[in-house]
Amino acid sequence: MAKNFRVDMSSTVLSGKEHCLAAYIEALPAVVWRIDIVGNEITFLNNYTIPSLGEYARAVLQNPVQAEERIPKEDRQRFHHCYNQVRNRHATACTFRMRLENGSMGWFKIIAMPDPENPSCSVGLLLDITAHVNTILSTEGRPGLSEKIDLVPDPVLLVRFSDRRVFRANQAALQLLGYSSQQITSLDLDMLLQNNPKNRLFEIYEGLIFSDAWCGEIKVSDAMGRHHQCSAHIEGIARDDENVLWVTLSHLNSCQACKGIPVRGNESVSVREVRAAMKKCRTVKQLLEAMLAALPPESPTDAIMLSRIFIAQNQVLVTGAGEPFESVPENRSHLYEGSIAENIVRFNLSNHVVMETSKSIKAIDWALFIPRGIHSYYAQPFFDDGVLTKVLIFCSRGAGNYDPDAPAPMQELYPDFLDHLERCLS
């Protein structure tokens, strides 16, 4: 086991702020470290030693053999995935157990992020959280499985063995999949794994039958129809007459769902079928209705609105198509101040997406969208000579139905739309 650990802050002249930071790091009750990814070197930035582990705490970060010996097999995959995230300069966190000097098990946590000052390094902390976990256990008694999953920072699902339905998920899983704790209980494994090869579920069940566990890569579908690429550990557990599957998910770096891949609301359509309908339109409302009719049946877009912008007059005129806006007259007037358009101009946005209008502080959302049940929308601006003149808004009654990083909805139709809009307005 290597002994040459060092603190690298004393060899240079430090400013006042750097002295404060160095003192703070030295006072932290955690092992603070930096890993040079290119040089494959770890540097320890303070002298703290975890009492229950001594120098073994640092050795686990430096020596894979120590990690294998001290981390129980149930936690190794989670630890190794977290460590790989560190080596790939991704922000990550992981909770795992290690065998202590006295032979008992302790709880530990790694928190890491890319070093903002050095593009080849990651920095992080290793903390002993055993006292915190023991406090929970002593105040709540022996925890059930539903309570234990909240100790794990990775997404965890509990699935009934009898009907394969999800009955509990921790906060990380709810955040990943975009469901509430009530909504997720309507899902089963077939729904979650619908985008995998047909034999994948068979492989999982076969692994559970013969090995009590299965590890591998799967795609997990979220509430917006995206498919997250994950490394999964699925284990059968019997506890208090409860037979369940414990499913732990870890995002893979190749996960396309987290890299701007379009969600259900960012549909593309064939312009050929819509152009003929647009040519027959005589009003702005008819033009919007033609676009709305072109959307696929499974589209979450319930309405489309055009907002014409008159900044000098502090006015926007809106016209909507779709059932939510049936009672809204054409060219209804609203103030530019507090509008979507003002947000776009103020922050120089290429688009403006609202995932949940009930969290909004914009006046237009409370005046126009929220009363009509619109929970999310995608606003696409159009400029004339650098001045914002129009905003096309795709609206959904569901939350989170548009991806701000994906191509704009129906963007293939925009040139035709603008040409026919000019004709209808004239």
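The values are calculated or read from the model by the stated rules, or taken from the named source; none is laboratory data. Just so we're clear, the structure is a prediction, and the values are computed from it rather than from any experiment. No Cβ is skipped: glycine too gets one built from the backbone with ideal geometry, and neighbour counts run over all protein chains shown. We work out accessible area using only protein heavy atoms, side chains counted, and drop any ligands, DNA or RNA first. Shrake-Rupley method; radii C 1.70, N 1.55, O 1.52, S 1.80 Å.
Taking the conditions exactly as written (under 23 Å from Gly216 (Cα atoms), of a type outside the set (S, T, N, Q), free of Cβ contacts under 8 Å to residues at least 24 places away in the same chain and out of contact with any helix residue (DSSP H, G or I) (no Cβ under 7 Å at 6 or more places or on another chain)), does His80 satisfy them or not? When the stated conditions are applied, His80 passes them.
Filter region 182-213 down to the residues that are over 21 Å from Asn243 (Cβ atoms) and either in contact (Cβ under 8 Å) with a residue 40 or more places away in the chain or open to solvent by 60 Å² or more (accessible area, probe 1.4 Å) (or both) and list them by number. Step through it out loud before you land on a result.
Step one: filter region 182-213 for residues over 21 Å from Asn243 (Cβ atoms), giving 182-183, 194-200.
Gln182, Gln183, Gln194, Asn195, Pro197, Lys198, Asn199, listed by residue number.
In region 299-318 there is at least one residue matching the filter, namely being at pLDDT below 90 and either under 32 Å from the mean Cα position of the chain (by Cα) or surrounded by 17 or more Cβ atoms within 10 Å (Cβ to Cβ) (or both).
Quick grid of which residues meet (1) in the same structural domain as Gln85 (by the TED database); (2) surrounded by 19 or more Cβ atoms within 10 Å (Cβ to Cβ); (3) hydroxyl-bearing (Ser, Thr, Tyr); (4) over 30 Å from His132 (Cα atoms):
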| site | (1), (2), (3), (4) |
| --- | --- |
| Leu151 | no, no, no, no |
| Val159 | no, yes, no, no |
| Ala173 | no, yes, no, no |
| Gly216 | no, no, no, yes |
| Gln229 | no, no, no, yes |
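Scanning region 68-99 for residues that are modelled with pLDDT under 85 and of a type in the set (A, V, I, L, M), we see that the one that is surrounded by the most Cβ atoms within 10 Å (Cβ to Cβ) is Ala93. Being free of Cβ contacts under 8 Å to residues at least 12 places away in the same chain and not aromatic (Phe, Trp, Tyr) is true for just one of Glu26, Glu41. Which residue is that? Glu41 is the lone residue from the list that is free of Cβ contacts under 8 Å to residues at least 12 places away in the same chain and not aromatic (Phe, Trp, Tyr). Residue count for region 83-102 under the criterion of being under 28 Å from the mean Cα position of the chain (by Cα) and in contact (Cβ under 8 Å) with a residue 40 or more places away in the chain: the result is 9.
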